[in-house]
């Protein structure tokens, strides 16, 4: 395992506004906590009017650029029910590697960056691989597993953060409308994360903790 990062800044539930709006949000992380703002809908530009002229292609990686001088913020994402962190299995870099929950180590395979997408949804990018949290093959069926994949302009990689009054957030997948859920039993680790219908259970609630800020 890699050595622990010397800068460790954790954000408690109290730092996330108790009355944060549910739905699409923009999160700006600072050393003092989070600012959470409802995002307006952002639609892609209309295609050119001239017939036969191709549409302007999207620029890879299809993510809105960070604001000038905005720091890069890395998070550990902790499940309320198990207290385990969202991790990439065996810290592999390959496309299709499963997303699991594992006891907290704050290694790079457990660190995630929130990247705003062009229309207000977000990508979650793994620090060690640079790949996005996604749903296997873009499936919409319940119990489909989560994986990492290179960043694409696909709904199966897009997520919406829905905050509860307790400061935890559910993660809703755009493609399926289902929610990232732990498959843990009794807090065990190593199990793949799945997508399931929304439920009022702690296995769908996630706490975002800042573990590193790169200026």
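No lab work stands behind these numbers, since they all come straight from the coordinates. Just so it is clear, the structure is predicted and the values come from calculations on it, not from any experiment. Quick reminder, even Gly has a Cβ in these numbers, built from the backbone with ideal geometry, and neighbours come from all protein chains shown.
So here's what we get for this one:
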| read-out | value |
| --- | --- |
| Pairwise label distance in nanometres, residue 164 with residue 81, each label 7 Å out on the Cα-Cβ vector | 1.1 |
| Order of 119, 200 - criterion: other Cβ atoms within 10 Å of each residue's Cβ, fewest first | 200, 119 |
| Contour minus Cα-Cα distance for residue 70 and residue 118 (0.36 nm per residue) | 15.6 nm |
| Rounded FRET efficiency, nearest 0.05, which uses the C-beta distance separating residue 104 from residue 140 and R0 of 35 Å | 0.70 |
